[in-house]
1. Of the conditions (1) crowded, with 17+ Cβ neighbours inside 10 Å; (2) assigned to a helix (DSSP H, G or I); (3) touching a helix residue (DSSP H, G or I) at 6+ places or on another chain (Cβ under 7 Å), Leu398 clears all except one; give me its number.
2. Which count do you get for residues in the stretch 322-342 that are within 16 Å of the ligand (Cβ to nearest atom) and open to solvent by 10 Å² or more (accessible area, probe 1.4 Å)?
3. Which of the following residues is in the same structural domain as Asp331 (by TED's automatic domain parsing) and modelled with pLDDT under 95: Thr165, Thr226?
4. Of these, Ile438, Ile353, which one is within 30 Å of Thr318 (Cβ to Cβ) and touching a residue at least 24 places away in the same chain (Cβ under 8 Å)?
5. Limited to the stretch 175-199, what total is found for residues that are closer than 30 Å to Glu385 by Cα, open to solvent by 10 Å² or more (accessible area, probe 1.4 Å) and assigned to a helix (DSSP H, G or I)?
6. Is there a residue being among the acidic types (Asp, Glu), at pLDDT 85 or above and more than 30 Å from Leu265 (Cβ to Cβ) anywhere in the stretch 346-368?
7. Picking from Arg373, Arg325, which residue would you name as being among the basic types (Lys, Arg) and assigned to a strand (DSSP E or B)?
Amino acid sequence: MSTNLETSSADCYPLSVPDYTPLDELRDLQLKRMQAVVTRAWQHVELFRSRMDERGLKPEDIRSLDDVKKLPFTQKSDLRDTYPFGLFASPMKDVVRLHASSGTTGKPIVVAYTQEDVDVWSSVLARALAGCGLRRGDIVQVAYGYGLFTGGLGAHYGAEALGATVVPASGGHADRQLMLMRDFGVTAMCCTPTYFLHLIDRAAELGIDMKKLPLRAGVFGAEPWTQSMREYIQKMSSIEAFDIYGLSEIIGPGVGCECRRHNGLHIFEDHFYPEIVDPETGEPLPDGTEGELVLTTLSKQAMPMIRYRTHDMTSILTGTCPCGRTLRRIDRIGRRSDDMLIIRGVNVFPSQIETALLETEGTLPHYQILLTRVSGLDQMEVQVEVTPQMFNDKIGALQELHQRLQGALDRVLGIRVRVSLVEAHTIERSEGKAKRVIDRRTS
Ligand SMILES: [Zn+2]
């Protein structure tokens, strides 16, 4: 891995300065912004005002950051119920951008930005990329989809704001992505970790040695991924892989990002206020305890989000980061509270399966979970691709791998699942977020 990426705060001055704001100043700024955003939402968003009224609350009741607990939550269903523009706090003439995310059912959710919001978005993404050691002179290929999805344009504006050269490749067309990476001397990739895995595979097929490309960093997000997956990616490509976090409802990518210490994701707290709550009761949980991440936008104009329930499970890490940023960190998000599968009464998360697979030699990081119901009983099958060498080996080797994998899954999940070993490239590749679970259960 290259070691010449280390960025001192001076290198990206003045970009990185807000990352190092003394804590008392940062808390003062957060409180002022929280009061302003609550007032703005109360004045302009009917749903929020009615929920405040129900609680007998007025914006002036927010006197400390701790008072955030008094505020009502916002849920994804609120965005659907007010489709398309019901949560806007700005008149349409001030809205310069709309994005939308496809819901699994029915209408998408719509998010809006004023020019000021777009500028904040670009600045937090530029700070995120700077934290990954990127700077002016880097060539950043954006392979997130461009369009209604926030990934592509978000990363694009952020990399431009950083002063880097942007290659707006958008998603798909792996061969062309690899050609651009090689011919343009791309030094950093922004895409989903799943798509980067696909590029690693495709490069091998085309005889391109990823390790010989100038590529030094990958900034991966838009889906949960594990530490084991990071290790696999780094081993196969010799890049440094960073985890970036965000969601359209809050702003898009750039809510938080790892620094080069890779010990959690710094939240850009001057714009986003994080809390952790119990996913069942909504009660706030102390730092260091895992729960659901709740975010409040502190500076959003067009569409303020107050206490938005992300369904992402994490904790706020205690202690400070040796990088010197004063921004608090959240743990990597390995799972979502609504990812949880309940199989014969046992809670199962896809991330547990991913970790077990990647720790078993001979398997590839491509897998799929199939759920069926037989005679009223849930059945789970994990299909796993294995290396071509394994398939060419004697049958005994496959059987031995099957047993090891079965043992590893039994141990982490605590229930018996069916394991099927399949040849490389059997499982459909994704150009964006991976589809890990196929649910064929009919109630
Ligand atoms: Zn740090």
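1. Of (1) crowded, with 17+ Cβ neighbours inside 10 Å; (2) assigned to a helix (DSSP H, G or I); (3) touching a helix residue (DSSP H, G or I) at 6+ places or on another chain (Cβ under 7 Å), only one is false for Leu398: (1).
2. Looking only at that region, the number is 9.
3. Thr226
4. Unique residue meeting the criteria: Ile353.
5. 7
6. No, the conditions are met nowhere in the stretch 346-368.
7. Going through Arg373, Arg325 in turn, the sole match is Arg373.
Condition check ((1) modelled with pLDDT of 95 or more; (2) open to solvent by less than 50 Å² (accessible area, probe 1.4 Å); (3) in contact with a His (Cβ under 7 Å, 6 or more places away or on another chain); (4) part of a helix (DSSP H, G or I)) across all residues:
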{"position": "Leu5", "(1), (2), (3), (4)": "no, yes, no, no"}
{"position": "Leu15", "(1), (2), (3), (4)": "no, yes, no, no"}
{"position": "Thr39", "(1), (2), (3), (4)": "yes, yes, no, yes"}
{"position": "Arg49", "(1), (2), (3), (4)": "yes, no, no, yes"}
{"position": "Met52", "(1), (2), (3), (4)": "yes, yes, no, yes"}
{"position": "Leu57", "(1), (2), (3), (4)": "yes, yes, no, no"}
{"position": "Arg63", "(1), (2), (3), (4)": "yes, no, no, no"}
{"position": "Arg97", "(1), (2), (3), (4)": "yes, yes, no, no"}
{"position": "Ala112", "(1), (2), (3), (4)": "yes, yes, no, no"}
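The values are calculated or read from the model by the stated rules, or taken from the named source; none is laboratory data. Since we're looking at a predicted model, the values are computed, not measured. FYI the Cβ positions are ideal-geometry reconstructions off the backbone, even for glycines, and counts take in every protein chain you see. Areas reflect the complete protein model, heavy atoms only, side chains present, ligands, DNA and RNA absent. Shrake-Rupley method; radii C 1.70, N 1.55, O 1.52, S 1.80 Å.
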